Amino acid sequence: MPLRLLAPLALALTLALALVVGIVGHAHACSCVEPRLERTHLPADGARDVPTDVTIHVFLRTFTDGARQSLGAEYRLRDAAGALVPLDATVVSDRLDLRPRHALVAHRTYTLEHVFAFGTDGARLTDTERFYARAGTVRGVFYPALRFTTGAGPLAARTASPTVHDATLHFAQGGGDCGPGAALSVAPAPIAARDSLDLIELRVRGLGVVTSAPATTDRLYASDLMCSSDPVTLPPGQSVEYQLGWLDASGRELGATAWATVQSSVRRRSRTARGPMLASPGWASTTIVPAPPPAPPSGPPGCENGLEETSRAELVATGAPWAFGDRAAIASDGATVWALYPGLGDDGAVAPLRAFAMDAARASIAATAHDTTLTGNPEVLTTTGHGLYAITRTWSRDLSATAQLTALAPSASGALGARWSAPIAGQVGRYRAAIHGNQLAIAYGRRAPDYSESLSLVRFDLQRGVMLEPVLDTAQGLDTNAEGPAIAAVGEGFLVVWPSGQGLISRGPLRTASFGAGGLGAIVDLAVPSYSPPSLIGAGSVAGLATGSERGVILVSVLDASGHLSAGPFEVSRGIGGDDNRNPVVAWDGRRFGVLWETHPDTGAYVAVVDPSGHVSAALRIDRAEVNASGLGLVATTRGFVATYTGGHGDHGMAVSLACRASAPAGPPASIDPA
């Protein structure tokens, strides 16, 4: 990658978190990573009850000024009959506003198209790849980007009174802290009556709007530090005067904070002037070509068009922070979905976990909260007709961990209490569990004094709450980077999969074996890459295995009851931008596998379906472009699937109901014919 392009467009991500951490203190190093262009649409694909006077907002990160200005001509809106709806395009700092010239018709579905880029080999390009492409090597095709359905009419008049939770001004001086430069950070306080299509603007006196984002965003930044993705030259001096504006979906201002001043006690030094953003030959020379005939849908029979969102519910608005990438504790018996989350007390201290029950038979997902007596991190939640079972892990001050299996039962007050509990030996690693009949088997990593890890297994009798035999501490080493094994009920017993290795450096093959009363069966080395924690689900006499490859590709393989590969691996992350698709989780609905995964650093959560024969659907993004969409969970229900994820900084829990869609989704194909 040309260094002359890297410097002016480097993202605000550093090895020392120079922008985020540096807001409150000096970083000791600044190392920018490869820049990535990102765009987010509001309304999102599938939105309903959109007001007829909506303005479509496109939030653009890391785009040059020239690219932003050119994007207005690369969007078009069609009504339900396919006729074009005229749009007026306006660039407001890092946002593109697309305003229909006439009010939309109530209760109609509209399609927003934009130009998607393809290389000479026919492969779809991300915006970043398009930016760095050579002149004359990019073809652009208009494809649907999203569809939304209008409501009964225009927006009702309302007002909002935004407030600021905190604001900070940071000066970087140079010499490794991404300076010289300045960074303004403003966190808005949530508004209870906010609409999902609202947005917020950060304004600086003398500059106007410097950045904007959906109203769900927890913090806005403006800076001219070396790693800033969208540099803003803040006014000179020891202070900055700013304001937050709150806008509705039509772009009308609902309210704004009073102008306020944020100061820094650090003396500001002179800074190096930022040069102009460089042009992109690949972007400017894109040739628009007609769309080829649509390819037939690729998904499994009965779900050819993939999944669509049918409803969503916020489970946790303020929860305890989760480790990014950790999976949600979620379980389902088909009719009821349970999710388990940590919480925060009023004083900010960690409170007991809360459980949420969702009736999966309802068309609109709704959650009922239940208090529990559990504490710690939720590792596993699983259910049978006999009850609900949870594994939680608690860390001590010396960084050792203890885990406990608890059988939960409702009390007269509705809270979930312990019917019985049993400790689980082990110090580290993810715990995974599966139920077969009256047995629950647990697989996890056990850490030795030299910090090497090995596979441990144990079975419990669910009726009596006792171990069926002592813990089986195997000599099978675990790859510490992979964070643990996976286990599922397959056929007449259990199947366990683990990434083998020794310590942090020595990585071995992915291994699998049956497990039961006789211990560990014959070990099979799988020719399946696994650079993410594996996920395993039973599907009758076979199992579905989801893994992430070193190239950031999500794969699904089908294993027989002895662990041998019987089909696959099938790539399910086709056409997803970014080179780090990771942390997959798999579920089985009786006919097909659902696979949910996250991307980084684009921080999206995607879901697709694939059957044992390898028919793979297009992927659906389920998050609303929230920060750090991770903490994933996926279970099958009588209506399809329910997915959970956390957003923000791990404190925002969502559940999304998914079903097979009847019509083709919006979005381009992964490839077209080569030039």
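The values are calculated or read from the model by the stated rules, or taken from the named source; none is laboratory data. Note that the structure is predicted; figures quoted are calculated from it, not measured. Cβ coordinates were reconstructed from backbone atoms using ideal geometry, including for glycine residues, and neighbour counts include every protein chain displayed. Side chains included, ligands, DNA and RNA excluded: accessible areas come from the protein's heavy atoms. Shrake-Rupley method; radii C 1.70, N 1.55, O 1.52, S 1.80 Å.
Before moving on, here are some points about what is shown:
- Applying 1/(1 + (r/R0)^6) with R0 = 51 Å to the Cβ-Cβ distance of Ala258 and Glu469 gives a FRET efficiency near 0.15.
- Dipole in debye (nearest 20) - region 125-176, about Cα centre, beta carbon charges: Lys, Arg +1; Asp, Glu -1: 280 debye
- Exposure check, 1.4 Å probe, all protein chains in place: Thr159 carries approximately 120 Å² of accessible surface.
- Taking the centroid of alpha carbons for each part, region 67-99 and region 37-51 are 13 Å apart.
- Residue among Cys178, Val105, Ala135 farthest towards the positive dipole end of region 43-196, charges placed on Cβ: Val105
- Given their separation in residues at 0.36 nm each and the Cα-Cα distance between them, Ser364 and Glu550 gain 63.1 nm when the chain is fully extended.
- Highest-first arrangement of 485-494, 196-205, 40-49, where packing means the average Cβ count within 10 Å: 485-494, 196-205, 40-49
- Ser196/Thr120 FRET efficiency (R0 51 Å; Cβ-Cβ; nearest 0.05): 0.80
- For region 531-621: relative contact order, % (alpha-carbon pairs under 8 angstrom, 6 or more apart): 23 percent
- Under a model in which nothing but the beta-carbon of Lys, Arg (+1) and Asp, Glu (-1) is charged, region 111-154 shows a dipole of about 40 debye around its Cα centre.
- Dipole check for region 537-606: with +1 at the C-beta of Lys and Arg, -1 at the C-beta of Asp and Glu, and the Cα centre as origin, the magnitude is about 220 Debye.
- Spatially, region 607-639 and region 234-248 are offset by 39 Å when compared through their Cα centroids.
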